[in-house]
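Report on the structure given below.
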Amino acid sequence: MKIQLVTGNAAKVKTDLLVLPIFEDEKKPDYGRLVVKFLKENPKFGKLYEIQLIYDDQKTLLVGAGKGEKWDIEKFQNWVGTATKYALSKFTDVTIIPRWQGFMPHQAGESFALGIEVATHDPSRDYKSQDKEAIKLKNVSLWVEKAEKGFLEGIRKGQVIAQSVNLIRKLGDMPANEMTPSYFLNVAKKVAKENRLKITVIDEGQAKKLGMGGFVGVAQGSEEPSYVIVLEYNGDRRSKDKWGLVGKGITFDSGGLSIKPGLNMHEMKYDMSGAAVVLASMQALAKLKANVSVIGVMCVTENLPGGRAQRPGDIVRLYSGKTAEILNTDAEGRLILADGLTLAQAKGATKLIDLATLTGACVISLGGVCSGAMGNNPVFTQDVIIAGSNVGERIWELPMYEEYSEMIKSDIADITNIGTGGPMPGAAGAITAAKFLEAVIEKDTPWVHLDIAGTAWDLKPRPFCSPGATGVGVKTLVNLISK
Ligand code: BES
Ligand code: ZN
Ligand code: MN
């Protein structure tokens, strides 16, 4: 989409559609006779994302912005998205007069571009054979009083990040018969080539030789070839700091022999979202020429109950050297992630973040409202949480008390892959999963685990975005790492 800035007399802007925010509890703007008349007759208008088109001299779209005091950067992005999605098949040129006061110009520009690009992209277009309404929209302008440099810089940055958000959404929405580990690998190769990233691919045979027993144990149940993919971006040769990003890339999670119930099993095509976030973040950081070094590890395989699938009761030796007793083959994410985290450390990562659609328990605790964070270093965990809140991605920390470590002790091996001995089966499931990962982290390496099981996809109809994968995570990582 072409996104630009306009300044000058707002009342004289020439455009196919002018978009205005209407706050529920504030004095209504005085823009044209029919707008004023409508708002007088509908004094309650202004609920978040409600819309009304007015045929004044200038066609005007009123978009509700909710209560003024609740206005934040997340609502701002989605408010812009609501206007864009409405206009997409109806208008060519749109000018938006937003409320951005309270945000920095670059922050406003970034969210503005994100709102537009995310609303424009609908992955289901690739699968519907009946034509959807054609996209008419070509230009969207941001009207501001004064053209500060920050706005344009923010818009350009937002477009780069949006490309990454939309890449995750595309890969997540793709069905597992197409989005296989090999397909994911091809996308990673393309991203590496386009952005001059170093890529290393470990196939199943090599993983076995290296001793990645957690990864291999999961991969052996599927006929599809599996890969641990490593991307490296070196934008800072002087410092020894190296970010390590590790993602869970289960292209389909049937549960394995501990098979899942049929209801909603199809949603497990999204179980590769963590790996997609890592790939997309590497892409964005390289495109933004961030002054940092980052290594991204993506563990990509399927969890299927094939004839060679691992069994409950199996014991595997993780890449770290620790042994894990498999009590439930559906707790597969932690097995592949543990090996990915060990690999990232072996390759010199000094700060670790992993992302995974790891547990249903996290969805039970937090719903789709925020992601869960668990880590070994409270300061680092807070840094991640704050980076998220500055870009409208909500993250809530869960505790990592010692007692939770007791719950993954095994009678026969070092650790178990599910928690036991709690007050009920599955107790503290999000945390015991994190405890499993913590077991392979070197003591002094700051590490945060983000459980995005509830936030990585959203099937509710929204006025600002088509349903499916959300692309959550990349905004947080890019904001945290590139500053
Ligand atoms: N991919 C799932 C987690 C999940 C469940 C994500 C629902 C999104 C929605 C994960 O691999 C899994 O199956 N976890 C099990 C762990 C259990 C067996 C300890 C779970 O949460 O039920
Ligand atoms: Zn899974
Ligand atoms: Mn599972």
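For the reader, a short list of remarks on this structure follows.
Every residue, every condition in (1) farther than 15 Å from Ser273 by Cα; (2) within 14 Å of ligand 1 (Cβ to nearest atom); (3) of a type in the set (A, V, I, L, M, F, W, C); (4) touching a helix residue (DSSP H, G or I) at 6+ places or on another chain (Cβ under 9 Å), yes or no:
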{"site": "Thr329", "(1), (2), (3), (4)": "yes, yes, no, yes"}
{"site": "Glu332", "(1), (2), (3), (4)": "no, yes, no, yes"}
{"site": "Leu335", "(1), (2), (3), (4)": "yes, yes, yes, yes"}
{"site": "Ser371", "(1), (2), (3), (4)": "no, yes, no, yes"}
{"site": "Asn376", "(1), (2), (3), (4)": "yes, no, no, yes"}
{"site": "Glu402", "(1), (2), (3), (4)": "yes, no, no, no"}
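- Asp271 vs. criteria buried (at least 24 other Cβ atoms within 10 Å of the Cβ), farther than 28 Å from Thr350 by Cβ and either among the polar types (S, T, N, Q) or out of contact with any helix residue (DSSP H, G or I) (no Cβ under 6 Å at 6 or more places or on another chain) (or both): yes
- Whichever residue in the stretch 343-364 is closer than 16 Å to Asp253 by Cα and not hydrophobic (A, V, I, L, M, F, W, C) and, among such residues, is surrounded by the fewest Cβ atoms within 10 Å (Cβ to Cβ): Gly360
- Residue in the stretch 194-201 that is basic (Lys, Arg) and either touching a residue at least 60 places away in the same chain (Cβ under 8 Å) or in contact with a Phe, Trp or Tyr (Cβ under 7 Å, 6 or more places away or on another chain) (or both) present: yes
- Subset of the stretch 268-318 [assigned to a helix (DSSP H, G or I), in contact with a Leu (Cβ under 8 Å, 6 or more places away or on another chain) and not aliphatic (A, V, I, L, M)]: Ser273, Gly274, Ser281, Gln283
- Selection from the stretch 165-222 of residues that are acidic (Asp, Glu) and closer than 30 Å to Pro467 by Cβ: Asp173, Glu178, Glu194
- Within the stretch 50-89, being small (Gly, Ala, Ser) and crowded, with 22+ Cβ neighbours inside 10 Å holds for Ala65, Gly81, Ala83, Ala87.
- Residue check, Lys269 in contact with a Gly (Cβ under 8 Å, 6 or more places away or on another chain), closer than 17 Å to Cys299 by Cα and either within 12 Å of ligand 3 (Cβ to nearest atom) or of a type outside the set (S, T, N, Q) (or both): yes
- Test: residue in the stretch 308-319 that is within 15 Å of ligand 1 (Cβ to nearest atom), under 25 Å from the mean Cα position of the chain (by Cα) and not polar (S, T, N, Q): no
- Annotation note: of Gly388, Gly422, the sole residue that is modelled with pLDDT of 95 or more and either among the polar types (S, T, N, Q) or not in a helix (DSSP H, G or I) (or both) is Gly422.
- Lone qualifier among Gly255, Gly249 - being surrounded by fewer than 24 Cβ atoms within 10 Å (Cβ to Cβ) and within 13 Å of ligand 2 (Cβ to nearest atom): Gly255
- Given (1) away from ligand 2 (no atom under 16 Å from the Cβ); (2) out of contact with any Pro (no Cβ under 8 Å at 6 or more places or on another chain); (3) in contact (Cβ under 8 Å) with a residue 60 or more places away in the chain; (4) of a type outside the set (Asp, Glu), index of the condition Val218 fails: (1)
- Failed item in (1) touching a strand residue (DSSP E or B) at 6+ places or on another chain (Cβ under 6 Å); (2) not in a loop (DSSP other than H, G, I, E, B), with Phe91 passing the rest: (2)
- A count restricted to the stretch 109-153 and to residues that are closer than 22 Å to Tyr49 by Cβ and either crowded, with 22+ Cβ neighbours inside 10 Å or of a type outside the set (Val, Ile, Thr) (or both) stands at 23.
- Pairs with Cβ under 6 Å, 6+ apart, first in the stretch 250-273 and on the phi < 0 side of the Ramachandran plot, second within 10 Å of ligand 2 (Cβ to nearest atom) and in a loop (DSSP other than H, G, I, E, B): Ser258/Asp330; Asp271/Thr357; Ser273/Thr357
Listed here are the residues, each with its yes/no results for (1) closer than 23 Å to Ser482 by Cβ; (2) in a helix (DSSP H, G or I).
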| residue | (1), (2) |
| --- | --- |
| Thr95 | no, no |
| Trp100 | yes, no |
| His106 | yes, yes |
| Ile135 | no, no |
| Leu152 | yes, yes |
| Arg156 | yes, yes |
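- Meets criteria (at pLDDT 95 or above and away from ligand 3 (no atom under 16 Å from the Cβ)) for Ile353: yes
- Only one of the listed residues (Val316, Val379) is away from ligand 2 (no atom under 16 Å from the Cβ), buried (at least 20 other Cβ atoms within 10 Å of the Cβ) and farther than 14 Å from Thr432 by Cα. That residue is Val316.
- Hits in the stretch 110-133 (condition: among the hydroxyl-bearing types (Ser, Thr, Tyr), at pLDDT below 95 and either assigned to a helix (DSSP H, G or I) or within 15 Å of Pro98 (Cα to Cα) (or both)): Ser124
- Residue check, Asn166 assigned to a helix (DSSP H, G or I) and surrounded by fewer than 23 Cβ atoms within 10 Å (Cβ to Cβ): yes
- In this structure, Gly249 does not satisfy being away from ligand 1 (no atom under 16 Å from the Cβ), part of a strand (DSSP E or B) and closer than 25 Å to Ile441 by Cα.
The values are calculated or read from the model by the stated rules, or taken from the named source; none is laboratory data. Nothing here was measured: the structure is a model prediction, and the numbers come from that model. Positions of Cβ are generated from backbone atoms using ideal geometry, with glycine treated the same way; all protein chains shown enter the neighbour counts.
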